Structure formats: C-alpha cells, structure tokens
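The block underneath contains the structure these notes are about, expressed in structure tokens.
The values are calculated or read from the model by the stated rules, or taken from the named source; none is laboratory data. In this text the structure is predicted, and so the values were computed from the model without any measurement. Cβ placement follows ideal geometry from the backbone for every residue including glycine, while neighbour counts extend to all protein chains displayed.
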Ligand SMILES: Cc1cc2nc3c(=O)[nH]c(=O)nc-3n(C[C@H](O)[C@H](O)[C@H](O)COP(=O)(O)OP(=O)(O)OC[C@H]3O[C@@H](n4cnc5c(N)ncnc54)[C@H](O)[C@@H]3O)c2cc1C
C-alpha cells in the first residue's frame, strides 16, 4: 500500500490523480490537496468575459472525486517538505511515498502599481464577473487588453479575449477601438515569425490595434504608464504578472530560478520521488524560450509523472517521456477559431503552426472541455 500526494487540484493535478488511479491498485492512496472546493477550466474565462458561456456551466465539485477513488483534502498548503515528500495543509502534516507539485502559477497584480485599483483582472475567477459587467456597461472608446509580463498562463488567451471583446462590442453597436499591448516584441514569440504574422494580420483585419514592446510600469485612472510614454484607456482588461507560488519557491524547488525546475523528460525535480507539472514549472526550449504554460501540457506532463511514480511504487521501470507536443484553439471572433499546434521541443526552434480560422475548431474547443469534465467528474 502506498500514498501519493498531489498538491494542487487544477488541470494538472486532476489529470495526475486520474492517471495514477488507473495505474495503481485500489489499496494505493491517491490524495489531492486543493484550496478551492471546485474546478473550472481556464478557457471558460474568455467565455465568461463576453457572456458566451459562464463559469458555473463548466464548474465541478472536487468532492465528486471521492467516489472515483481519489481522496480530496480541501485546504491551504502552507509548506512543502520535498525530502520527506510531505506538505503542511492548514496546520496538518501529510506525508506520502511520492509527491506531485501542481500548484499552477500565482498572480502578482501588486507588482504593477495601480493594477489592483484601475485594471479589471481577467485571469482571476473572483474578478471576472466585475470585468464582464464593466464590459457590458461600457459606452466605448479605447478598450485595452493589457499583458503585464512575458511569462503568463496561456499566451494566446489575451489575444482571444481581444477578438471576442471586439465582436461583443461590434454586435452591440458600441463605438469602440480595441487594442492589445504586450512587453514582448511580437504577439506570440514561441510560435515564431510566421505564426505571429498570421495572428497579427487577423488582429489588423478585425481593426484591433496591436502594441508590442509596451511594458506597463504603472496604471493610473484612465492611463497606463509605459517606459516610453503614456496610453489612455476607457476600460482596461488586464493579465497580471505571474510568479511561482511562494510555498514552492521557499521549499527549494526552484533551485534559485523563477519557476520550479524539473528534468524535462520525466518531470522529476532534484528531489527523488518529487515531481512537478504544469504552470508551476519552467521548461526551456531549444531556442532558449520557455514552454508555454497550458493545460494541455500540464495534462501530458501529469501522465508522464504518473507513469514514473507508478513504476517506482510497483517496482517496475517507466520509459515515458514528455514529448512537448501540444495544441490549443484560439478564438478569433465571428464563431471561428484557429488551431495552434506543434512540437514545442523541436530543434533548433519549436515547429508550431497556426491554421486558418474554422467554425469546426470552436466545436473542438468545446469538446476539449467536455471530454475532460466527463473523464474527471463523470458529467
Ligand atoms: C483565459 C485562459 C484560457 C485558457 N485556455 C486554455 C486552452 O484553451 N487550452 C489549454 O491547454 N490551456 C488553457 N489555459 C491554460 C490552463 O488553464 C493552465 O495552463 C492550466 O490550468 C495549468 O494547470 P496547472 O495544474 O499547472 O495549474 P492550475 O490549473 O492553475 O491549478 C493549480 C491549482 O493549485 C491550487 N493552489 C495553488 N496554491 C495552493 C495552495 N497554497 N494551497 C492549496 N491549493 C493551491 C490552485 O487553487 C489551483 O487550483 C487557459 C488559461 C486562461 C487563463
């Protein structure tokens, strides 16, 4: 009998829990620790912002997992002891035979002065309703989507939000100019120049202004302060800076870097039997960029970590390797989505393409969510 602790019950944690459950005997415990009582996929945030879906429609209670052989502990993880494969949850110490850290990325809006007061944070579940209401009641003008840092969850999402917001305002006849700014020199550096050209051409066709090399230093009422000047806005929807959760960094898992370090093939950290997956890790690519933070990678990394843990616990060997293949559907408005797909670990640079906008890709995106909710929660 063994016990595997999974810290974080988001995309990666859920995928890992189910993978382990299917690989281990019923007497082996799989314990998932999460502060939130429910799960909802990140992609719902774009829909909730413009009202094409709501968070509740994709929200599932984690306690449903109990009936599927996964123990759920609801609480705040305040410490991780990697040598002991243990964690402290609301003052209670839990120890395991293996540990998976799947804590995602923390948001740090406080690192941009004025963000909290003047920006609608569209990445936080708790602030989306207010952002959606602000969008519904806007009289138009300059509507900005602001990206605060280079490393953030789902790099295509802010562009998707720009397309959807543009559609939303146009359909309501609101006289607005939608714009996106980013500190990056191009829209999605990881997809390369050709992919960026496709995306930026689409932004331009839709009349959305794109401002690369715009690092927001501070936000004041109605104005963003950039290093080279100021930008006026009537409504600012923003992606806050991201950082590694403090509890993972203080456990020594980042090894001095900004995110948790792992063996990129096995997802094992420098502590034997301790794995990390998803947004909390940083995986360098052949061209020195970093693997994008996406649910699809959290899921495939979960599978790899689960294989290695199951093999170690049952005395076998595992040759599962994270292969860096991934995809997502980037909605571009008018009921269409583009597929971003490729081999992100290819050398000398990721081999990723962005396909033509198709209505069928939007259906595939809905199916992406539905199949996982069915698999993980049964409905
Ligand atoms: C708008 C948007 C659209 C997206 N669209 C897509 C898409 O189409 N396809 C795709 O593949 N990905 C998409 N993503 C990205 C995807 O949501 C993330 O990459 C994915 O959720 C990462 O999984 P994770 O398990 O690493 O982290 P998370 O899913 O964030 O899970 C981490 C969990 O850990 C918990 N946690 C953290 N700290 C503690 C603590 N101290 N104590 C207890 N619990 C804690 C959190 O509450 C959280 O539930 C999108 C994201 C956004 C924001």
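Summary of computed values
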{"item": "Options 295, 355; residue that is closer than 30 Å to residue 170 by Cβ, in contact (Cβ under 8 Å) with a residue 12 or more places away in the chain and touching a strand residue (DSSP E or B) at 6+ places or on another chain (Cβ under 6 Å)", "result": "355"}
{"item": "Members of the stretch 273-292 found to be part of a loop (DSSP other than H, G, I, E, B) and in contact with a helix residue (DSSP H, G or I) (Cβ under 9 Å, 6 or more places away or on another chain), listed by number", "result": "273, 277, 283, 285, 287, 289, 291, 292"}
{"item": "Subset of the stretch 328-354 (residues that are in a loop (DSSP other than H, G, I, E, B) and either farther than 27 Å from residue 44 by Cβ or within 15 Å of the ligand (Cβ to nearest atom) (or both))", "result": "344, 345, 346, 347, 348, 349"}
{"item": "Residue among 173, 195, 207 that alone is in a loop (DSSP other than H, G, I, E, B) and in contact (Cβ under 8 Å) with a residue 40 or more places away in the chain", "result": "207"}
{"item": "Those residues of the stretch 30-60 which are over 15 Å from residue 129 (Cα atoms), touching a residue at least 60 places away in the same chain (Cβ under 8 Å) and over 18 Å from the mean Cα position of the chain (by Cα), in sequence order", "result": "31, 33"}
{"item": "Filter result for the condition that a residue is part of a helix (DSSP H, G or I), within 30 Å of residue 309 (Cα to Cα) and at pLDDT 95 or above, over 78, 66", "result": "66"}
{"item": "Residue ID - surrounded by the fewest Cβ atoms within 10 Å (Cβ to Cβ), chosen from residues in the stretch 293-327 that are at pLDDT below 95 and outside any helix (DSSP H, G or I)", "result": "315"}
{"item": "Among residues of the stretch 15-39, those that are within 23 Å of residue 78 (Cα to Cα) and surrounded by fewer than 21 Cβ atoms within 10 Å (Cβ to Cβ), counted", "result": "6"}
{"item": "Checking residue 141 against (1) touching a residue at least 60 places away in the same chain (Cβ under 8 Å); (2) within 16 Å of the ligand (Cβ to nearest atom); (3) surrounded by fewer than 20 Cβ atoms within 10 Å (Cβ to Cβ), the condition it does not meet", "result": "(2)"}
{"item": "Single residue of the stretch 122-138 satisfying the filter (within 11 Å of the ligand (Cβ to nearest atom) and touching a strand residue (DSSP E or B) at 6+ places or on another chain (Cβ under 6 Å)) that is nearest to residue 279 (Cα to Cα)", "result": "123"}
{"item": "Residue in the stretch 86-93 that is within 24 Å of the chain's Cα centre (by Cα), away from the ligand (no atom under 13 Å from the Cβ), assigned to a strand (DSSP E or B) and at pLDDT 95 or above present", "result": "no"}
{"item": "Checking residue 324 against (1) farther than 30 Å from residue 99 by Cβ; (2) touching a strand residue (DSSP E or B) at 6+ places or on another chain (Cβ under 9 Å); (3) more than 13 Å from the ligand (Cβ to nearest atom), the condition it does not meet", "result": "(1)"}
{"item": "Scan of the stretch 4-61 for residues that are more than 8 Å from the ligand (Cβ to nearest atom), in a loop (DSSP other than H, G, I, E, B) and under 23 Å from residue 300 (Cβ atoms), ordered by number", "result": "24, 28, 40"}
{"item": "Those residues of the stretch 227-241 which are touching a residue at least 40 places away in the same chain (Cβ under 8 Å) and either more than 23 Å from residue 124 (Cβ to Cβ) or touching a helix residue (DSSP H, G or I) at 6+ places or on another chain (Cβ under 8 Å) (or both), in sequence order", "result": "232, 235, 236, 237, 238, 239, 240, 241"}
{"item": "The stretch 94-121, residues that are in contact with a helix residue (DSSP H, G or I) (Cβ under 7 Å, 6 or more places away or on another chain), away from the ligand (no atom under 15 Å from the Cβ) and not in a helix (DSSP H, G or I)", "result": "95, 97, 98"}
{"item": "Number of the condition not met by residue 355 [criteria: (1) touching a helix residue (DSSP H, G or I) at 6+ places or on another chain (Cβ under 7 Å); (2) over 22 Å from residue 10 (Cα atoms); (3) surrounded by fewer than 20 Cβ atoms within 10 Å (Cβ to Cβ)]", "result": "(1)"}
{"item": "Selected residue (criterion: surrounded by the most Cβ atoms within 10 Å (Cβ to Cβ)) from residues of the stretch 144-163 that are away from the ligand (no atom under 13 Å from the Cβ) and assigned to a strand (DSSP E or B)", "result": "146"}
{"item": "Any hit, the stretch 164-177, residues being out of contact with any helix residue (DSSP H, G or I) (no Cβ under 7 Å at 6 or more places or on another chain), surrounded by fewer than 18 Cβ atoms within 10 Å (Cβ to Cβ) and more than 26 Å from residue 51 (Cα to Cα)", "result": "no"}
